[in-house]
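Chemist: Next up is a structure, given as C-alpha cells.
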Amino acid sequence: MNYYKIPLASLLFSLFIYLEYFNLSSKILVLVISLSAYLIIFTLNKRELFVSGTIIGILWFWWIGYSFIYYELNYLIPLVIIIIGMLYGLFFLILGYIPNIYLKALYLFALSFFEPFGFNWFKPELLFINSYLGTSKIEFFIILLVSAYLIKNYRSNKYSYLIYGITIISLIIYNLNSNPLIKPLDLKIIQHNTSIDQEIKWKKNFKQKIIEENFNVIERAIKDKYDLIILPETSFPLVLNKNKQIMSKLLNYSREITILTGSLHYENNLLHNSSYLFQDSTYKIAHKVVLVPFGEAVPFPEKIRNWINNTFYNGAQDYEVAQNPTTFTIKGQKFRNAICYEATTDEIFKDLDTNYVIAISNNAWFVPSHQPVLQKLLMKYFENKYKVKIISVTNQ
C-alpha cells in the first residue's frame, strides 16, 4: 500500500471546498487539482480506496453532526462523523473490486446519481464547479473516460497525453461558450443576511429582539425605496400564521414593499417549514417540498422513524411537505421558491417556468464549518444545470 497516495487523493478530492472557504480559489488551480484527483483515484488499490474514501467523506461532511449539539446529543458527534466517513469509504472500496478501468469510470459516473437516504450533496462532478470545465453529466462522463484512458495507456502509447490534453481543452472551450446570459432583474432587491446563533434563536428571551430587528430592517428598506426585501429561513422563529399581531404588521408594511420571509406554519395538525410572501396587503405561503434527511424528516419506515424521534429528538414530529414547488409572482416577475436544502435538489426545479429562484436558508445549525460554502457551490452547480439565477439569503 502506497501510504502517500491516501492523503494525496483525499486532499485533491476535497481541496476545492477549502480553497473556496478561505477565498483562495482560482479556476486554473481548481482545474489542475480536480483533474489530478481523478487521475490518482484510478491508481488506488482496495485498501487505499477505502481509507481515502473514508477521509473524503469526513472532509466533505464532518459538519453534519454539528446540529446534534442543539438536541444535547454531543456524545453522538464523533460516531456520526465515523459512520459518514466509512459509508463513503465503502462507496470507494467497491471501485477497487472492478477489474476494468473503463468500468471503474462508469462506476464513478453512476456514483454521481447515488443519493443515500435522500442526501444528494456528494456530487463527484462538483470538483470542477470553480474551474474552466463544466459540471454537466456528459462532460463529467467524458472527463472520467479520458482520465481512465490516460492511466491505462500513458506508458504504452506516446499519444495518450496528447489525446487527453486535446479532450480537456475541447471541453474547456465548449464550457466557455455554453453559459447563457440571464437578463438582469428590473427590481431593487435587498438580501438581508443575518448571523443569529442557533442556540439563542428559539429562546423566548431573544425572540422579541429578533422580531423587532426584522421590523427595523423592513422599515429601512421602505425608506430606501426597495421593491423587495428577502429575509432568511425561519427569520420569524415562531408559527407565523398563528400570530395575528405580527401578520397584521407585515401586511401593513406590504403596502409599501414586498416582503419574503421564512417562518413555520401550522394548520390542521400539520407543521410546515414555509416561506411567506407579503405583497399589496395580501399574503401567500409556500411550504417546503423537500425535507433535509434526518434534520427535518427521518427517511425510514414509520415505526423506526417514531423510535428515532422519541429517542433522540424528544418526540419531535417530522415536518410535512407540499406536493409541488411554488412560484411567486413579484411585481410581474416570476420566482421559484426554495427553502435551504431544496435549492440543491432537482425536485425544486420541476416544471420550472422562470429563470429566477429565491433560496432562503438557515445555516446556523452548522456554523462554524464549511457547510455554507458547500451549499453555495451546489447552488452554483444547479444554476448551471437549469440555466437559472439563484438569489440566496441566509442566516449563518
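The values are calculated or read from the model by the stated rules, or taken from the named source; none is laboratory data. Because the structure is predicted, anything quoted here is derived from the model rather than measured. In this analysis, Cβ positions are derived from the backbone assuming ideal geometry, glycine residues included, and neighbour counts consider all displayed protein chains.
Chemist: Can you confirm whether segment 365-380 contains a residue that is at pLDDT 95 or above, closer than 22 Å to L126 by Cα and of a type in the set (V, I, T)?
Modeler: Yes, segment 365-380 contains a residue that is at pLDDT 95 or above, closer than 22 Å to L126 by Cα and of a type in the set (V, I, T).
Chemist: Return the only residue of L24, L39 being assigned to a loop (DSSP other than H, G, I, E, B), of a type in the set (A, V, I, L, M) and either outside the structural domain of S112 (by TED's automatic domain parsing) or farther than 25 Å from P293 by Cα (or both).
Modeler: Testing whether each residue is assigned to a loop (DSSP other than H, G, I, E, B), of a type in the set (A, V, I, L, M) and either outside the structural domain of S112 (by TED's automatic domain parsing) or farther than 25 Å from P293 by Cα (or both) leaves just L24.
Chemist: Hey, S36 hits all of (1) surrounded by fewer than 19 Cβ atoms within 10 Å (Cβ to Cβ); (2) modelled with pLDDT under 95 but one; which does it fall short on?
Modeler: Failed condition: (2).
Chemist: Of the residues L187, L251, only one is out of contact with any helix residue (DSSP H, G or I) (no Cβ under 7 Å at 6 or more places or on another chain), in a helix (DSSP H, G or I), modelled with pLDDT of 95 or more and surrounded by 14 or more Cβ atoms within 10 Å (Cβ to Cβ); which?
Modeler: The conditions single out L251.
Chemist: Here is a check on your reading of the model: is F117 of a type in the set (A, V, I, L, M, F, W, C), in contact with a strand residue (DSSP E or B) (Cβ under 9 Å, 6 or more places away or on another chain) and not assigned by TED's automatic domain parsing to the domain that holds N355?
Modeler: yes
Chemist: Filter segment 109-144 down to the residues that are of a type in the set (A, V, I, L, M) and either out of contact with any helix residue (DSSP H, G or I) (no Cβ under 7 Å at 6 or more places or on another chain) or closer than 22 Å to L11 by Cα (or both) and list them by number.
Modeler: Across segment 109-144, the qualifying residues are A110, L111, L126, L127, I129, L133, I138, I143, L144.
Listed here are the residues, each with its yes/no results for (1) among the small types (G, A, S); (2) in a helix (DSSP H, G or I); (3) buried (at least 17 other Cβ atoms within 10 Å of the Cβ); (4) touching a His at 6+ places or on another chain (Cβ under 8 Å).
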{"residue": "Y164", "(1), (2), (3), (4)": "no, yes, yes, no"}
{"residue": "T167", "(1), (2), (3), (4)": "no, yes, yes, no"}
{"residue": "I173", "(1), (2), (3), (4)": "no, yes, no, no"}
{"residue": "I182", "(1), (2), (3), (4)": "no, no, no, no"}
{"residue": "E212", "(1), (2), (3), (4)": "no, yes, no, no"}
{"residue": "N216", "(1), (2), (3), (4)": "no, yes, no, no"}
{"residue": "K225", "(1), (2), (3), (4)": "no, no, no, no"}
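Chemist: Let me ask another. In the set F68, F117, which member is modelled with pLDDT under 95 and exposed (fewer than 14 other Cβ atoms within 10 Å of the Cβ)?
Modeler: F117
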